[in-house]
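Below: the structure, in structure tokens.
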Amino acid sequence: MSAKIISGTETAKAIREELRAEVARLKEQHDLVPGLVTVLVGENPASQSYVAAKNKTAHNLGIHSEQVTLSADTSEEDLLALVDKYNNDPAIHGILVQLPLPGHIDEAKVLYAIDPEKDVDGFHPVNVGKMVLGEPCFLPCTPHGVLELLQRSGVETSGAEVVVVGRSNIVGKPVANLMLQKRAGGNATVTLCHTRTRDMDFHTRRADILIVAAGVANMIKADQVKEGVVVIDVGVNRIGKSESGKAILAGDVEFESVKEKAAAITPVPGGVGPMTITMLMKNTVQAARQSAGLE
Ligand code: GUN
């Protein structure tokens with residue numbers, strides 16, 4: 001049987017409509033326009049396309065968005081000064097510095113410099129700590145998007161065996177943490193696999209819900225999953241270019257074979273990607289509301 005396709009595009013569209021209405025309401029009732037700045041250092045093509053998509057979405061929802069593009073040789077000092085400028089700009093409620101940064105810049109130093117109240121990526125240690133403790137905070141966008149996709153697709157997580165493949169700070173670690181929180185959308189039994197895991201297949205075959213964020217194209221094959229699994233594929237791998245020059249994308253999961261065994265699966269593109277951007281918009285609106293004392 002072929003799996004149900006969990007469409008991030010459709011789910012993201014529904015959430016964006018909610019956000020559009022909320023942005024209009026904030027303007028009308030409080031004269032408040034959420035503001036987002038994205039900062040891109042260098043010319044990584046994937047980062048360029050992510051940042052462009054984030055700004056376009058913000059614009060479409062009525063969110064004020066500013067895009068700063070800096071050359072790859074920008075100094076750490078100049079980047080920190082820019083972050084400080086936006087920390088003190090009342091029109092900006094959310095600051096996003098696109099990762100990865102060039103090697104000469106200390107990523108942690110930059111992320112720690114962002115005001116936690118404007119940290120719409122949820123990467124500042126204050127927000128990471130609150131997330132782990134289950135306190136209200138900005139949740140990191142991709143893990144939050146994964147949770148929303150599961151919840152809005154009616155997937156039961158309580159008591160489920162959730163296996164996460166990949167232990168990055170951006171996806172693997174936080175998504176594993178969110179899945180085990182004691183609240184709706186969590187309550188799972190979580191296993192976190194990584195490059196040193198001894199028998200990966202043993203774990204992936206046990207999964208009721210398999211979340212893959214390893215960054216390796218088509219890494220998970222049909223013989224590594226059980227019948228009826230729900231698969232969330234976070235991978236976005238550029239495996240070539242079409243004749244028109246557009247990047248050809250593949251997930252971390254071999255979609256065509258795994259979909260024949262799974263109960264439900266996210267496609268790439270059109271799965272987690274649109275959800276990440278939408279959760280960034282949600283965090284930006286939340287940041288604006290908080291700045292105005294509305295929550
Ligand atoms: N690079 C890849 N994903 C992300 C993300 O969610 N936020 C930022 N800032 N950089 C990224």
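The values are calculated or read from the model by the stated rules, or taken from the named source; none is laboratory data. If you're wondering where the values come from, they're calculated on a predicted model, not measured in any experiment. Positions of Cβ are generated from backbone atoms using ideal geometry, with glycine treated the same way; all protein chains shown enter the neighbour counts. Protein only, heavy atoms only, side chains kept; ligands, DNA and RNA dropped before computing areas. Shrake-Rupley method; radii C 1.70, N 1.55, O 1.52, S 1.80 Å.
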Subject >> Residue satisfying all of: in the stretch 142-164; within 12 Å of the ligand (Cβ to nearest atom) and open to solvent by 10 Å² or more (accessible area, probe 1.4 Å); nearest to the chain's Cα centre (by Cα) among these >> reply: 142
Original post:
Out of the stretch 183-204, which residues are closer than 12 Å to residue 159 by Cβ and out of contact with any Asp or Glu (no Cβ under 6 Å at 6 or more places or on another chain)?
Top reply: 186, 187, 188, 190
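Does the stretch 268-285 hold any residues that are open to solvent by 10 Å² or more (accessible area, probe 1.4 Å) and within 16 Å of the ligand (Cβ to nearest atom), and which are they? Show your work before the answer.
In the first step, residues of the stretch 268-285 are kept if they are open to solvent by 10 Å² or more (accessible area, probe 1.4 Å); the result is 268-270, 273-274, 276-277, 282.
Across the stretch 268-285, the qualifying residues are 268, 269, 273, 274, 276, 277, 282.
What about residue 247, is it of a type outside the set (Asp, Glu), open to solvent by 10 Å² or more (accessible area, probe 1.4 Å) and closer than 20 Å to residue 147 by Cα?
Values: of a type outside the set (Asp, Glu): yes; open to solvent by 10 Å² or more (accessible area, probe 1.4 Å): yes; closer than 20 Å to residue 147 by Cα: no.
No.
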Subject >> Hits in the stretch 116-141 - residues which are more than 12 Å from the ligand (Cβ to nearest atom), buried (at least 17 other Cβ atoms within 10 Å of the Cβ) and not in a helix (DSSP H, G or I) >> reply: 137
**OP:** Keeping to the stretch 187-215, report how many residues are assigned to a strand (DSSP E or B) and crowded, with 17+ Cβ neighbours inside 10 Å.
**Re:** 8
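Tally up the residues in the stretch 87-106 that are within 14 Å of the ligand (Cβ to nearest atom) and over 19 Å from the mean Cα position of the chain (by Cα), please.
Within the stretch 87-106, residues that are within 14 Å of the ligand (Cβ to nearest atom) and over 19 Å from the mean Cα position of the chain (by Cα) number 2.
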Original post:
For the stretch 230-267, which residues satisfy the criterion of being modelled with pLDDT of 95 or more, aliphatic (A, V, I, L, M), more than 17 Å from residue 209 (Cβ to Cβ) and within 16 Å of the ligand (Cβ to nearest atom)?
Top reply: 236, 249
Original post:
What are the residue pairs meeting all of these: first residue in the stretch 91-113, first residue under 15 Å from residue 72 (Cα atoms) and in a loop (DSSP other than H, G, I, E, B), second residue more than 15 Å from the ligand (Cβ to nearest atom) and of a type in the set (Val, Ile, Thr), Cβ atoms under 9 Å, and 6 or more apart or on different chains?
Top reply: 102/74; 105/74
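Among the residues that make up the stretch 74-81, is at least one of them within 14 Å of the ligand (Cβ to nearest atom) and crowded, with 22+ Cβ neighbours inside 10 Å? Reasoning before the result, please.
To start, the set of residues in the stretch 74-81 that are within 14 Å of the ligand (Cβ to nearest atom) comprises 79.
With crowded, with 22+ Cβ neighbours inside 10 Å added as a condition, the list becomes 79.
Yes.
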